[in-house]
Amino acid sequence: MTSKFRQSFKVIDKALLRWFPGHMGKGMKQMQQKLKSVDCIIEVHDARIPLSGRNPDFKYSISGLKPHILVLNKMDLADLSYKQKVEEKIMLEQKISKIIYTNCKNSLCPGIKKIMPTALSLIKGSNRYNRSENVDSRIMVIGVPNVGKSSLINSIRNTILGKKSAAPVGAVAGITRAVQNQIKVSHDPLVYVLDTPGVVSPTIKNVETGLKLALCATLQDHLVGEEIIADYLLYWFNKNNYFDYVSYLNCDEPSDDIRIVLAKAAIHRKSSIKYLNFDGSYIYRPDMQGMARNFLNAFRTGVFGKALFGCFPNLSLEINLRISIGESTRYMGRFRTNRFNPWTNLQKITGQKKTETTDGEVQAVKSEHLVNIPNPYEKEKRLCILCKMNIVPDYKNTRMLSQFISRFTGRIYGRHITGLCRHKQEHVEKEIKKSREAGLMPFYFRNPEFSHDPKLFDPDNPFRPHHY
């Protein structure tokens, strides 16, 4: 099945992956100026891409002489079965011995509790130079954007001091745009932390590395393009024979064309965008960008399992589908709040065993899908009376149009009285004005001939109160 899929991913414009705004260059200079008042460097990176995407400039411009700790954050989304091999490779190639895995969303994460003792022991055994007589210790947190630097500082502060968060956080890259003032994270011993903006390399030589950074939300989605990132994710899934996206996106079979996949998903979920046609009518097209955003968010929140990108020659993308009880509870909570609609493939068999792996290959774990059943939490779609009866308003049908104007003033009733959908309400108003201009309907009253017709609605009892 792999032969019909792409074996390489081509990007038309490589300049899309070059994002180095002014605040990054300014932040890099500020970090270099603050180095003389810093005792230790903590570099934070995404645990899903532990070997790729880190800024090589940090090694030569910031973390050269200072004690260095590498924190691999978001461990809840990464496959930790290759943790030892990753640590050995980092230690061999980059000479970093202190590697800590953390999850800032979990207040009981043991990795967060290990950071401060590790940093203090490194500071104690190092040459502090001009800060040898200072009582307090200062730590600088660096890394590429959106890997959880500010969240890590807040977690350490909450764990040790029990105080509220002090660093602003967000789900997109570029929230922290300058080196912040020092934040106290410990009283005894006295420790301050400096939060810094995320800085990527001005030139990303490897296109695939840039796409991995974009896929992990380290680059802003609108710069690369959500459909391009979704296409890269689809390419990785197909290349590694992982087809769980088929049921999530409601496709008939695996496909290598992102446009077909997103269009089918949008049509199935009735996600569309309304456009005004040249003749004044409206046309509806599938919301491709919205479905691409939904596809990416599902991957980033762990719906497709845990991932580890490009660490070893025989391991391009490892998907681990072992869903713990805590994770399954979290996913079902998301489902019950209607974040995944319609019914998706989140009902995985929790006791699924991982397949045996050989030295030459890593077999992908395939999940068995349950029978498709309707979503019991999905609300019934409400239809207005014209949509339900499939009635198209026409300016010549004055009897029907007279139902929607006042008997005494000729005023057109609003949606809060008629109960029509926005599209039909606009259509009715347009046809009434057209009929009046043609001389078929009066302007200031309703034709008495139609006064005794059965009512489609009661003007004295609106469907909902007016916003005034």
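The values are calculated or read from the model by the stated rules, or taken from the named source; none is laboratory data. Values in this document were obtained by computation on a predicted structure and should not be read as measured data. Neighbour counts are summed over all protein chains in view; Cβ atoms, including those assigned to glycine, are modelled from backbone coordinates with ideal geometry. Just so you know, the surface numbers come from the protein's heavy atoms only, side chains and all, with ligands and any DNA or RNA stripped out. Shrake-Rupley method; radii C 1.70, N 1.55, O 1.52, S 1.80 Å.
Nearest 0.05, what FRET efficiency do Leu65 and Tyr282 give at R0 = 56 Å with Cβ-Cβ as r?
Working: r = 64 Å, r/R0 = 1.15.
Computed FRET efficiency for Leu65 and Tyr282 comes out at 0.30.
Set the bar at 28 Å for Cα to Cα. Now go through Lys98/Lys149; Lys89/Lys114; Lys29/Lys89; Lys36/Lys149; Lys74/Lys164; Lys4/Lys306 and name every pair that lies beyond it.
Checking Cα-Cα distances, Lys29/Lys89 exceed 28 Å.
Averaged per residue, what accessible area in Å² does segment 62-107 show with a 1.4 Å probe, protein chains only? It would help to have the intermediate numbers written out before the result.
Numbers: 2320 Å² over 46 residues.
Averaged over the residues of segment 62-107, the accessible area is 50 Å².
Mind ordering 140-150, 412-422 by average Cβ neighbours within 10 Å, highest first? Mind showing how you got there, number by number?
Values: 140-150: 25.3, 412-422: 17.3.
Taking the mean over residues of other Cβ atoms within 10 Å, the ranking is 140-150, 412-422.
Could you do me a favour and compute the accessible area per residue for segment 379-448, 1.4 Å probe, result in Å²?
Details: 4530 Å² over 70 residues.
So segment 379-448 comes to 65 Å² accessible per residue, rounded to a whole number.
In debye, nearest 20, what is the charge dipole magnitude of segment 100-154 about its Cα centre with +1 on Lys and Arg Cβ and -1 on Asp and Glu Cβ, if you could check? Walk me through the numbers before you get to the answer.
Numbers: 8 positive and 2 negative charges, 20 e Å.
It works out to roughly 100 debye.
Take the solvent-accessible surface of the protein heavy atoms, probe 1.4 Å, and return the percent of it on segment 231-291 that carbon and sulfur atoms account for.
Working: 1520 of 2990 Å².
Carbon plus sulfur share of accessible area: 51 percent.
Tell me which lysines have Cα within less than 26 Å of Lys274's Cα, excluding those fewer than 8 residues away on the same chain?
Result set, ordered by chain and number: Lys264, Lys379, Lys381, Lys388, Lys424, Lys430, Lys433, Lys434.
Between Glu426 and Ile273, what is the spin-label point distance in nm, taking each point 7 Å from the Cα along the Cα→C-beta axis?
1.5
Spelling out what I want: for every residue of segment 97-110, take phi, set θ = phi - 60°, compute 6.51 cos²θ - 1.76 cosθ + 1.60 (Karplus), and round to whole Hz; glycine and proline get x.
Once θ is set to phi - 60°, the couplings for segment 97-110 become 9, 9, 10, 10, 9, 9, 9, 5, 6, 9, 5, 9, 5, x Hz.
For Cys40, which sequence-distant residues (separation of 5 or more, or a different chain) have an amide H within less than 5 Å of its own amide H, given hydrogens modelled in the peptide plane?
Arg138, Met140
By how many nm would the segment from Ile412 to Phe457 grow when fully extended, if each residue of separation counts as 0.36 nm and the alpha-carbon distance is taken off? List each step's numbers first, then the result.
Values: separation 45, 0.36 × 45 = 16.20 nm, distance 1.34 nm.
My answer for the length gained is 14.9 nm.
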